[in-house]
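Accompanying notes for the structure given below.
The values are calculated or read from the model by the stated rules, or taken from the named source; none is laboratory data. This one's a predicted model, so the numbers in the text were calculated from it and none came from an experiment. Because the Cβ atoms are built from the backbone with ideal geometry, glycine has one as well, and the counts that use them run over all protein chains shown. Just the protein is used for accessible areas: all its heavy atoms, side chains included, with ligands, DNA and RNA removed. Shrake-Rupley method; radii C 1.70, N 1.55, O 1.52, S 1.80 Å.
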Amino acid sequence: MREPVIAGNWKMYKTTGQAVQFAEELKAADLPGGCRVVICPPFTALHAVAGILKGSPVELGAQNMHHLEEGAFTGEVSPLMIRDAGCRYVILGHSERRQYFGETYRGVNLKVVSALEHRLVPIVCVGETLQERESGRTEEVVSRQLAGSLAGLEAGQAGRLIIAYEPVWAIGTGRTASAADAQQVNRFIRDLLAESFGRDTAQTVPILYGGSVKPDNAAELMARPDIDGALVGGASLDVGGFTAIIRAAAGY
Ligand code: 13P
């Protein structure tokens, strides 16, 4: 049995004061057991939020990192730094990083390997564009992205990952993949993991869905056997909406 994971990707939202207030409210909320909850604030708020979350089951993640521990890389943040700020998770290869900041899966691969070396849990994002879906290339694209970002990993390392299937056309658009379509791609990803790392490993890896997940569509998505949780953007910025999604996930 895979425990569901609900991760909130705050993107470039919330000052430290706003983040602290959210964390205090989430900590005080009556969260159900049986669901792993992670929030990923901007770098500037990580340390303060980690302080609030101490003693709470809610865990902390970053939204990106450089693969090296230190160096002359203006504007970058290293795995040591996010660990030091209290993170256990890191989102890698988000489509916004690929689309606006030129990230490639070769670069994502370096980050995945580095994150694992630093005992961080990478949340590796894959997903096709609308054009790729409409031309029937979803599986080809997702399999290339997965192979690129996980190149060179061994089964033991792959077993420590979280994968998030995030179709680009569903992110921030209000257009969710149908539960059946998301299940189909998540199942395809699990089969790819099984081919590369063995069935046992593939069965342990949580595969999330992301893209316009809201309180009113979460339960339907979570009910599918290969959707093990959600990477939530917009709806994770509001404590009420986020806890409703957590409750929906805990029901499965
Ligand atoms: P939305 O939930 O706002 O569509 O964002 C999804 C996402 O990109 C999470 O990483």
Restricting the stretch 157-174 to residues that are in a helix (DSSP H, G or I) and not aromatic (Phe, Trp, Tyr), which is farthest from the ligand (Cβ to nearest atom)?
-> 157
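Can you pull out the residues in the stretch 209-247 that are outside any helix (DSSP H, G or I) and aromatic (Phe, Trp, Tyr)?
At the first step, the residues of the stretch 209-247 found to be outside any helix (DSSP H, G or I) are 209-214, 223-233, 237-238.
Of everything in the stretch 209-247, just one residue is outside any helix (DSSP H, G or I) and aromatic (Phe, Trp, Tyr), namely 209.
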Residue count, the stretch 200-252, condition among the small types (Gly, Ala, Ser), touching a Gly at 6+ places or on another chain (Cβ under 7 Å) and farther than 21 Å from residue 184 by Cα, comes to 5
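This table checks each residue for (1) surrounded by fewer than 16 Cβ atoms within 10 Å (Cβ to Cβ); (2) of a type outside the set (Phe, Trp, Tyr); (3) within 15 Å of the ligand (Cβ to nearest atom).
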{"site": "155", "(1), (2), (3)": "yes, yes, no"}
{"site": "176", "(1), (2), (3)": "no, yes, yes"}
{"site": "179", "(1), (2), (3)": "no, yes, no"}
{"site": "192", "(1), (2), (3)": "no, yes, no"}
{"site": "195", "(1), (2), (3)": "yes, yes, no"}
Can you find a residue in the stretch 116-131 that is open to solvent by 50 Å² or more (accessible area, probe 1.4 Å), touching a Phe, Trp or Tyr at 6+ places or on another chain (Cβ under 7 Å), in a helix (DSSP H, G or I) and modelled with pLDDT under 95?
-> yes
Among the candidates 142, 126, 121, single out the residue that is among the β-branched types (Val, Ile, Thr), within 15 Å of the ligand (Cβ to nearest atom) and out of contact with any His (no Cβ under 8 Å at 6 or more places or on another chain).
-> 126
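Restricting the search to the stretch 171-208, which residues are touching a strand residue (DSSP E or B) at 6+ places or on another chain (Cβ under 8 Å) and aliphatic (A, V, I, L, M)?
Let us first name the residues in the stretch 171-208 that are touching a strand residue (DSSP E or B) at 6+ places or on another chain (Cβ under 8 Å), namely 171, 177, 182, 185-186, 189-190, 193, 205-208.
Result: 171, 177, 182, 185, 189, 193, 205, 207, 208.
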Conditions (1) among the hydrophobic types (A, V, I, L, M, F, W, C); (2) without any contact (Cβ under 8 Å) to a residue 40 or more places away in the chain; (3) touching a strand residue (DSSP E or B) at 6+ places or on another chain (Cβ under 6 Å); (4) within 16 Å of the ligand (Cβ to nearest atom): number failed by residue 58 | (4)
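So that you can scan it fast, the table gives a plain yes or no per residue for (1) in contact with a Leu (Cβ under 6 Å, 6 or more places away or on another chain); (2) more than 18 Å from residue 213 (Cβ to Cβ); (3) buried (at least 17 other Cβ atoms within 10 Å of the Cβ):
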{"site": "14", "(1), (2), (3)": "no, yes, yes"}
{"site": "22", "(1), (2), (3)": "no, no, yes"}
{"site": "26", "(1), (2), (3)": "no, no, yes"}
{"site": "54", "(1), (2), (3)": "no, yes, no"}
{"site": "61", "(1), (2), (3)": "no, no, yes"}
{"site": "65", "(1), (2), (3)": "no, yes, yes"}
{"site": "75", "(1), (2), (3)": "no, yes, no"}
{"site": "96", "(1), (2), (3)": "no, no, yes"}
{"site": "114", "(1), (2), (3)": "no, yes, yes"}
Residues in the stretch 22-48 that are under 17 Å from residue 228 (Cβ atoms) and in contact with a strand residue (DSSP E or B) (Cβ under 9 Å, 6 or more places away or on another chain): how many?
-> 4
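Take the residues of the stretch 28-44 that are open to solvent by 50 Å² or more (accessible area, probe 1.4 Å) and of a type outside the set (S, T, N, Q): which is nearest to residue 190 (Cα to Cα)? Explain how you work it out, then say what you get.
Of the residues in the stretch 28-44, the ones open to solvent by 50 Å² or more (accessible area, probe 1.4 Å) are 28, 30, 33, 36, 43-44.
Those still in the list that are of a type outside the set (S, T, N, Q) too: 28, 30, 33, 36, 43.
Working: 28: 35, 30: 32, 33: 25, 36: 20, 43: 31 Å.
Here the residue is 36.
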May I ask you to list the residues in the stretch 197-230 that are open to solvent by 30 Å² or more (accessible area, probe 1.4 Å) and within 15 Å of residue 2 (Cα to Cα)?
-> 199, 200, 203, 204, 223, 224, 225
